[in-house]
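Notes to accompany the following structure.
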Amino acid sequence: MSKDNTTIAKSAGTVGFAVMLSRILGLIREQVFAGFFGAGTANDAFVVAFRVPNLLRDLFGEGALSAAFVTVFSDYDQNKTRKQTWQLASIVLIFFGCALSIITLAAILYSDVIVGLLAPDFGLIAGKEELTILLTRIMMPFLVLISLSAVVMGILNTKNKFFIPALASSFFNLGSILGGVSLAVILPKWGVPAIVGMAIGTLIGGLLQLAVQIPALMKCGFRFYPHLNFRDPGLIRILKLMIPAVIGLSATQINIFINTNFAASCPEGSVSWLQYAFRLVQLPIGIFGVAIGIAAMPLLARYSANKNLDGLRETFVSSQIMVLCLTIPAAAGLFFLSEPVIRLVFERGAFTAYDTIATAQALSLYSIGLFAYSSNKVLVPVFYALGKTRYPVIASFITICTNILFITLTIEYFQHRAIALSVSITMFINFIFLGAILYRELQGYSIRYVGFAILKILFATSIMSLFVVLLRDLASSPLSGNLWQNSVSLFAIISVAVVLYSSLICLLKVDEFTQVVTKVRARFIKHH
């Protein structure tokens, strides 16, 4: 188990460092949006328009395709010839490049229908629906770029190359910021809305995310075979794995569709408040949950291919504890510091103090489910590795029912806050359901070991939270002050919290945490 822990910790440290850079650039991207457009019509239109290719990306690209491809490609890499392995990769790239191009064209043609379904209340505000349709048409090709990028990432991860694929999303954010801002400044001179420039910037970013991985792919020995075989057994296996995954993910997308629809019916700015808050929650989810999930996936697939249930079980347990160690304290920090964090990150330009309060409310409610959301990023790949994809599907449809029921009962009173709280509740239900089913499928795992680890994490987080609240109240004046006062105070509180929690969790001897910290520190020093 120690060897697996070290492998995952090392890979997660690599991915986590790269993802952290990406998420920081993503926050800067959101800051640009907040400064330029605030939480008004233009940003609401962009958020809904980008949601369309993003929904399809999760459905057909990075979600279902990536997990199914890594499972089959790992098997080929272990048990097939080099030529057969690269032929499979080539067929997948060609097939999905063509299939997703057709889907993209269809979505462009019917974008008015899609926007009407996603945000029917936008039609009540002059020009808002038309702007959303235009932005949707511009950004739809992003689906093809990001899905091909996900296949390349799967190839590189299987070859134990984690840093470049994880760093690639930084180039997406970089292209979005530099290209988008440049065009947002230039285009209004020709009477084109500035937000259109940000939409084009999204395409530039998607192209960069794909292009930056190509040299690493060639270095791995990739050879492209320009041949498409619809009956290729590897492609058929991937498609069969994807079918239940797409159905399961479609449930998640239905939830996002429902939430967007509800948010569009709330006061103007609600879509943007939820988007800004979720962007901040994505920072720890990406650095911890996604990073550990990506690092564990090739190892899980390898154990599954070799029928090694003990290795699969131990890898899952260590990965899950790593995630909980890192996300539970992060959730507590975001919950108690939501307002000063939002104020520091977004409150400038068109983003007002009122927007800060509304966004902070959403952030604190999102943070409640952060650990469950991140843990699901580790749980689901285990089901893929086992070939038991129907269980994530069932879990997803349970969350739809819960989501609709909760929001319907609370939206009138809580408005946009009901949506954020519902996301946390549904993710928690998903986590409990999948954890219980996996216990049976893995023929048990050490509940005692996991339970003791969680108790230690909760104890350390409770002590840390007490100090955070105490320091927050003592520093209430500078936290509400100017940018300099706010940033220094917040940095000081977070630094104390990190040192205190890390010290406590090391004293309590949670080995998984120690290994992650060691590997992340080593990676950070290496790259500096």
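The values are calculated or read from the model by the stated rules, or taken from the named source; none is laboratory data. Not measured: the values here are computed from a predicted model. Here the Cβ positions follow ideal geometry from the backbone for every residue, glycine too, while neighbour counts run over all protein chains shown.
For the reader, a short list of remarks on this structure follows.
A quick yes/no check of all residues on (1) in the same structural domain as Q209 (by TED's automatic domain parsing); (2) in a helix (DSSP H, G or I); (3) on the phi > 0 side of the Ramachandran plot; (4) surrounded by 21 or more Cβ atoms within 10 Å (Cβ to Cβ):
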{"position": "E130", "(1), (2), (3), (4)": "yes, yes, no, no"}
{"position": "V151", "(1), (2), (3), (4)": "yes, yes, no, yes"}
{"position": "N160", "(1), (2), (3), (4)": "yes, no, yes, no"}
{"position": "P165", "(1), (2), (3), (4)": "yes, yes, no, yes"}
{"position": "L183", "(1), (2), (3), (4)": "yes, yes, no, no"}
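- Matching residues in the range 321-339 - criterion: being of a type outside the set (A, V, I, L, M, F, W, C) and either surrounded by 24 or more Cβ atoms within 10 Å (Cβ to Cβ) or not assigned by TED's automatic domain parsing to the domain that holds L363 (or both): T327, P329
- Every test in (1) small (G, A, S); (2) more than 18 Å from V196 (Cβ to Cβ); (3) surrounded by 19 or more Cβ atoms within 10 Å (Cβ to Cβ) is passed by S111 save one, and that test is (2).
- Pair list, Cβ under 7 Å, 6 or more apart: the range 201-229 residue at positive phi, other residue buried (at least 22 other Cβ atoms within 10 Å of the Cβ): none
- The range 191-213, residues that are closer than 22 Å to G40 by Cβ and in a helix (DSSP H, G or I): A194, I195, V196, G197, M198, A199, I200, G201, T202
- Positions within the range 346-357 being assigned to a helix (DSSP H, G or I), in contact (Cβ under 8 Å) with a residue 40 or more places away in the chain and surrounded by fewer than 23 Cβ atoms within 10 Å (Cβ to Cβ), in sequence order: D355
- Exclusive hit being at pLDDT below 90, part of a helix (DSSP H, G or I) and over 20 Å from I321 (Cα atoms), set S495, S487, S502: S487
- Of residues in the range 374-388 being in contact with a Phe, Trp or Tyr (Cβ under 8 Å, 6 or more places away or on another chain) and of a type in the set (V, I, T), the one surrounded by the most Cβ atoms within 10 Å (Cβ to Cβ): V378
- Check on T410, assigned by TED's automatic domain parsing to the domain that holds W273, of a type in the set (V, I, T), modelled with pLDDT of 85 or more and surrounded by fewer than 24 Cβ atoms within 10 Å (Cβ to Cβ): yes
- The criterion of at least 3 residues that are over 22 Å from the mean Cα position of the chain (by Cα) and touching a residue at least 24 places away in the same chain (Cβ under 8 Å) is met, among helices (runs of 4 or more DSSP H) falling completely within the range 365-446, by 390-414, 416-441.
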